Structure formats: C-alpha cells, structure tokens
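What follows is a set of notes on a single structure, which appears directly below.
The values are calculated or read from the model by the stated rules, or taken from the named source; none is laboratory data. Quick caveat, the model's predicted, so the values are computed rather than measured. Methodologically, a virtual Cβ is constructed for each residue, glycine included, from the backbone with ideal geometry; neighbour enumeration extends over all protein chains shown. Remember, those area values only see protein heavy atoms, side chains included, never the ligands or the DNA or RNA. Shrake-Rupley method; radii C 1.70, N 1.55, O 1.52, S 1.80 Å.
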Amino acid sequence: MEKLRRLWRSRTVAFGVPLLLYLIGGSFGLREFAQIRYDAHKLHGKVDPALKEKLKKSTVTLESEYEKLEKSNLDNWENIRGPSPWEDSRTIQKQRREALRLKTE
C-alpha cells in the first residue's frame with residue numbers, strides 16, 4: 001500500500017499520465033470532429049447541374065487572358081494614390097475629380 005501511495009505522488013504519474021491521456025484522447029476527438037467536417041463538406045459540396053453547365057461554357061484559358069493583356073495599352077498609365085486610413089476617401093475622390101476636370105479644360 002505504501003508503494004502505491006509513493007507511486008501516486010511521483011511526478012511521472014502526477015503529470016505524465018494525465019498528459020498522455022489528454023494527447024491520446026485529443027487525437028481521437030480531433031479525428032471525430034474532422035470526420036464530421038468532411039462528411040458535411042461532401043453533402044454541401046454537390047454542384048447544381050445548371051451551374052456546372054454554365055462553368056463548362058465559360059472556360060478561361062491562359063491564351064485568352066494573354067490576348068486581353070496584349071490589347072490593353074500598358075505604356076500609357078497613371079499612378080493613382082489611394083487614401084490613407086486617416087483621410088476621408090470621399091473628399092479625396094472629389095479632389096481628384098476636380099483636378100481631372102480642370103486638367104481636361
């Protein structure tokens with residue numbers, strides 16, 4: 001009985017065994033929660049057939065995007081500064097519109 005009491009008071013049993021129980025129990029718990037997640041994804045992941053047909057019709061290729069970029073004029077551009085977080089974006093936009101209007105006149 002004394003050996004059992006001394007064993008129970010040791011640091012290995014007091015801290016190591018509960019840690020191992022949490023690790024092993026946690027891995028089984030995580031497996032169950034992950035399985036629920038994947039099962040729910042299978043149920044909600046089904047795509048409507050009409051949407052699937054629409055996606056098949058509108059295929060975007062790398063070549064088509066490259067042709068769009070070739071058609072655009074990349075030599076004539078203007079750097080437009082965005083508003084800082086402390087600035088009001090509406091007043092900045094009004095100032096830019098006014099400056100653009102004065103520039104074109």
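At a glance:
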read-out: Matching entry among Ser10, Ser58 (being loosely packed, with under 10 Cβ neighbours inside 10 Å and of a type outside the set (Lys, Arg)); value: Ser58
read-out: Qualifying positions in the stretch 74-99 - open to solvent by less than 100 Å² (accessible area, probe 1.4 Å) and modelled with pLDDT under 85; value: Gly82, Pro83
read-out: Residues of the stretch 61-72 that turn out to be open to solvent by less than 100 Å² (accessible area, probe 1.4 Å) and within 30 Å of Leu100 (Cα to Cα), as a count; value: 1
